[in-house]
Amino acid sequence: MTDQRLAVGDEAPGFTLPDSTGKNVSLSDFRGQAVVVYFYPAASTPGCTKQACDFRDNLAELNDAGYQVLGISPDKPEKLAKFVEAEKLTFPLLSDVDKEVLSAWGAFGEKKNYGRIVQGVIRSTFIVDAEGKIAKAAYNVRATGHVAKLIRDLGISA
């Protein structure tokens, strides 16, 4: 279990992970920009599909407000590629098969699943500012309605 939770003002842990095409993407590639980094349990599952499609459907609004979006899960790039194609996702999904990045961000550990304590991905969303610091950290977020709440919390209006 990880007790490491990131808080506002912390340095965002760096990473380089393969995307759905196998190309490496690094957090440092986005230095100077604000980034939404979200962690989700598994591609092509109902909740994760809903969340990814919400990000896709609101991507222009987020981009226009200066935010890039990165999704990270323990899925292999091949599974991510199928997910991207099936849902026509337009932002990078990154593969963290060994869960090192998930753990570094406090997004992997003990969680409740149907009343039982299990080890797994903790659905989490972070805003990383242009300097690479955590501007917002939200753990145990809901898949449904989360993107709308995030947009409200960021003060982005259509």
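The values are calculated or read from the model by the stated rules, or taken from the named source; none is laboratory data. The structure presented is a predicted model; accordingly, all values stated were derived computationally and were not measured. Ideal geometry is used to build each Cβ from the backbone, glycine not excepted, and the neighbour counts take in all protein chains shown. Calculation scope for accessible area: heavy atoms of the full protein, side chains included, ligands and nucleic acids excluded. Shrake-Rupley method; radii C 1.70, N 1.55, O 1.52, S 1.80 Å.
What to note about this one:
- Filtered by the rule that a residue be in contact with a Ser or Thr (Cβ under 7 Å, 6 or more places away or on another chain), within 12 Å of residue 93 (Cβ to Cβ) and free of Cβ contacts under 8 Å to residues at least 60 places away in the same chain, segment 39-60 gives 43, 56.
- Unmet requirement for residue 46, which otherwise passes all of (1) modelled with pLDDT under 95; (2) in contact with a helix residue (DSSP H, G or I) (Cβ under 9 Å, 6 or more places away or on another chain): (2)
- Selection count, segment 92-133, where residues are surrounded by 21 or more Cβ atoms within 10 Å (Cβ to Cβ) and without any contact (Cβ under 8 Å) to a residue 40 or more places away in the chain: 0
- Subset of segment 57-91 (residues that are over 19 Å from residue 151 (Cα atoms), of a type outside the set (Asp, Glu) and surrounded by fewer than 16 Cβ atoms within 10 Å (Cβ to Cβ)): 76, 82, 86, 88
- For segment 37-89, the set of residues classified as part of a helix (DSSP H, G or I), closer than 24 Å to residue 104 by Cα and of a type in the set (Lys, Arg) consists of 79 only.
- Selection from segment 1-38 of residues that are among the charged types (D, E, K, R) and free of Cβ contacts under 8 Å to residues at least 60 places away in the same chain: 23, 29
- Hey, residue 73 hydroxyl-bearing (Ser, Thr, Tyr), touching a helix residue (DSSP H, G or I) at 6+ places or on another chain (Cβ under 8 Å) and modelled with pLDDT of 95 or more or not: yes
- Flag if residue 54 is among the charged types (D, E, K, R), closer than 20 Å to residue 151 by Cα and open to solvent by less than 30 Å² (accessible area, probe 1.4 Å): yes
- Exactly one residue out of 21, 16 is open to solvent by 30 Å² or more (accessible area, probe 1.4 Å), within 21 Å of residue 108 (Cβ to Cβ) and modelled with pLDDT of 95 or more: that is 16.
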